[in-house]
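Here is the structure we will look at.
The values are calculated or read from the model by the stated rules, or taken from the named source; none is laboratory data. No experiment lies behind these values; they were computed from the predicted model shown. No Cβ is skipped: glycine too gets one built from the backbone with ideal geometry, and neighbour counts run over all protein chains shown.
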Amino acid sequence: MNIKVDITEQREDFARLEIAGEIDAYTAPALREKTEPLSKQEGIHVVADLSDVSYMDSTGIGVFVGLFKGIKANGGHLQLIGLSDRLKRLFDITGLADIMDINSEVKGGME
Amino acid sequence: MEIQSCVSILNEWDIVAARQLGRNVAKELGFGTVDQARITTAISELARNIYLYAGEGQLCIDRLNENGKAGLRIIALDKGPGIPDIRKVMEDGFSTSGGLGAGLPGVRRLMDDFNIDSNPGEGTDIRATKWLR
Amino acid sequence: MNKQETLEAQYSKILQEYMNNQSEQALYAAQQFSRTALAKKVPPEEVISLQKNAMQQLMPDLSPEVWHSFDILLEVMTAYGFAFREHQSLLDTQKELKNEMEIASNVQDTLLGTSVPTVDGLEIGALSVPAKQMNGDYYHFVHDGDHSVNVAIADVIGKGIPAALCMSMIKYAMDSLPEYRKDPSAVLESLNRVVEQNIDDSMFITMFYGMYELRSNILHFASAGHEPGFFYRGKDKEFLDLEARGLLLGVDKNAKYKRYEQAVEVGDMVILMSDGVTECRTDEGFIERETLISYINEYIELPPQEIVNKIFRDLERLQHFQLRDDFTIIILKRTK
C-alpha cells in the first residue's frame, strides 16, 4: 500500500498535483497532509491528475470532498483529471460528479 | 536528615558531572551496580531535559533516611518554559514525538517515587527517589 | 528477593553447563530461562547483572578489563530496559483500550439496535458485520402498521470509533423526524442538513432510504450517494441496478434527493448493501457486481436471511477472513 503525491507546479494561483498509487484508509492521511495547505490559498486553481491511481476507496473520496469544500470556500477551483472508469464510477455513485469538475479538458497553459 | 549536593546544568558536559555525582552517592549508600545504572540513567534523562528545553537549571542529589530506610533523591530544577499539560508528558509515547519532558514516564518507572511540579512560565521541579532494598 | 536468588541460581547453572560442554541442551535451557524471565518482566539490565555475577562465581580470576566491559554493557542495556518498560506499559494501556472498545461496541449495539420486522408476504434478511469492533455501517427498519416497511441503510466514510460516533448522531436525527418518515426524499433532505451542520469537512455519510408500501407493493426510494442496490425480477430471473442519483449527506446543505419508484411482484427481491460488499478486495482484485450477482444467484431459492448469511460467509472466505471494511447486506423478498 503506497501513495506518491507530487506537486509538480505551484504558483500563487495555480497548483498541479500528480497522485499515484492507492488511496485508502492507510494512505489518505498522507494525501490530506500534503493537499490541505493548498485549500487555504485564496482563489487557487488546483488540477489533480489521478491517472496513476490504481485504487481508491471511500476514505479517498473523503479527502477530495474535504479539499473541494476547502478550496471552494476560499474562492478557488478543484479539477480532477485522468480518472479511470472505476474511479469515475465512485464519483458518479456518490453524486459528486454533478457538483465537482471531473475529467474535463485541461486548458493548455494555465493562465 | 537530608544532605544535598548540586550540579548546575548549563551544557552537555554538566550532564556527565551530574551522573558522576549521582553515581558516587549511590555507591556510598550501597546501591548495587544495576540500581546505580538505573539512577544514572534517570539523572541523564532529567539533566538532558533541562539542557534541551530549559537551557539552564540545577540537578541535586539528596541522601535520605526515613524510618531507618536509606534512599537517594534526584531533584531537577529549572526556570524554563514549564510544562503546560503534565498529564500529557506523563503519557507513554509522548517522548518519541519530541517536545517537552522527554522520557519522564521512563524515569518514573526506573525510580520508586516520582513527583513533578510545573507552571508555564515559571519552571519545573521534578523529584524522583530510589530506596535501598 | 527469593525470585531473584532462584533466577540467579538457574542462570548460573545453565552458564556452567554450557561452559563445560557447549551443548544444544544448555542453549535450549537458556531459551526456556528467558521465557520465565520475560514472564516475570525481568528487564535486560538485570540479565547483564546475572551474567556478571555468575561469571564472578565461575571464573573469578578474569582480568579487570573483562569486568569493566560489563559496565558499558550494563549502561547500554539500561537504556534498552527503559524501552522495555515503556513497551510493557503500552501493552497494559492497549489492554485497557481493548476492554473499553468492547464496552463501547456493546453500547453501540444497544443504541443502534433495530429488529427485523415480521410482515405477512414480505420476507426480510439482514446482516451487518463490522471490520473492527465498532461498526460504521448502519441499518434501520421501521414497521408502520399496515401501511409500510421503511428501511434505511447507511455507511459512514471511515471505520472504527469516529464512524460509530457519527452513526449515533444519524440514528437520533432519524428518530426525531417521525413525520417525514414516509417520504424518502424528505428524510434524506432533513438528515443532510443535520449532517452538514455537524460533521467535519472530510467526513460524510452515504444512505439509501426505502419505503415499501404494503398495499400497493411499491418501493419508493431515494439515495444519498449510496452504492446502488439490486432489483431481482423473479419472473425473468434477472438482476437490475436499483439506480438512484443523489449527493452524499453532508456536502451541500441545499442538496435535493429525487424519489424513485419500483413496483414489486411476487418473487421479486430488493437487495441493498454497503460498499464494504462491492469494495471487497480479493486475491484476484475486487469483487465485481457481476460476481456478487452470481453468488446471490447460487442461493436464490433460500429464504432471505439464509442468503445474506451465506453470501457473507463466502465473501469472508474470499478475503481470507480479514474484513477491510464494514459489511452490510439486506434482502427484502415479496412472497405473496
From A:Leu83, A:Leu87, residue being in a helix (DSSP H, G or I), out of contact with any Asp or Glu (no Cβ under 7 Å at 6 or more places or on another chain) and buried (at least 20 other Cβ atoms within 10 Å of the Cβ): A:Leu87
Residue check for B:Ile9: at pLDDT 90 or above, in contact with a helix residue (DSSP H, G or I) (Cβ under 6 Å, 6 or more places away or on another chain) and of a type in the set (A, V, I, L, M, F, W, C): yes
Within the range C:185-234, strands (runs of 3 or more DSSP E) holding 3 or more residues that are closer than 17 Å to C:Ser274 by Cβ: C:205-213, C:218-224
Tabulated pairs, the range A:82-101, first free of Cβ contacts under 8 Å to residues at least 60 places away in the same chain and at the interface with chain C (Cβ under 8 Å from one of its Cβ atoms), second surrounded by fewer than 21 Cβ atoms within 10 Å (Cβ to Cβ) and among the acidic types (Asp, Glu), C-beta under 7 angstrom, 6+ apart or interchain: A:Ile99/C:Asp252
Residue within the range C:113-124 that is touching a residue at least 12 places away in the same chain (Cβ under 8 Å), more than 30 Å from B:Ala37 (Cα to Cα) and in contact with a Pro (Cβ under 9 Å, 6 or more places away or on another chain) present: yes
Conditions (1) buried (at least 20 other Cβ atoms within 10 Å of the Cβ); (2) in contact with a strand residue (DSSP E or B) (Cβ under 9 Å, 6 or more places away or on another chain); (3) within 14 Å of chain A (Cβ to nearest Cβ); (4) modelled with pLDDT under 90; number of the one not met by C:Ser202: (2)
Residues that are under 24 Å from the mean Cα position of the chain (by Cα) and under 23 Å from A:Arg89 (Cβ atoms), drawn from the range C:294-305: C:Tyr295, C:Ile296
From the options C:Gln108, C:Gln51, residue that is within 30 Å of C:Tyr139 (Cα to Cα), more than 11 Å from chain B (Cβ to nearest Cβ) and surrounded by 11 or more Cβ atoms within 10 Å (Cβ to Cβ): C:Gln108
Residue ID - nearest to the other protein chains (Cβ to nearest Cβ), chosen from residues in the range C:242-271 that are under 21 Å from C:Tyr212 (Cβ atoms) and assigned to a strand (DSSP E or B): C:Leu242
Residue check for C:Tyr172: of a type in the set (Phe, Trp, Tyr), under 26 Å from C:Leu248 (Cβ atoms) and without any contact (Cβ under 8 Å) to a residue 24 or more places away in the chain: yes
Residue in the range C:158-170 that is within 14 Å of another protein chain (Cβ to nearest Cβ) and hydroxyl-bearing (Ser, Thr, Tyr) present: no
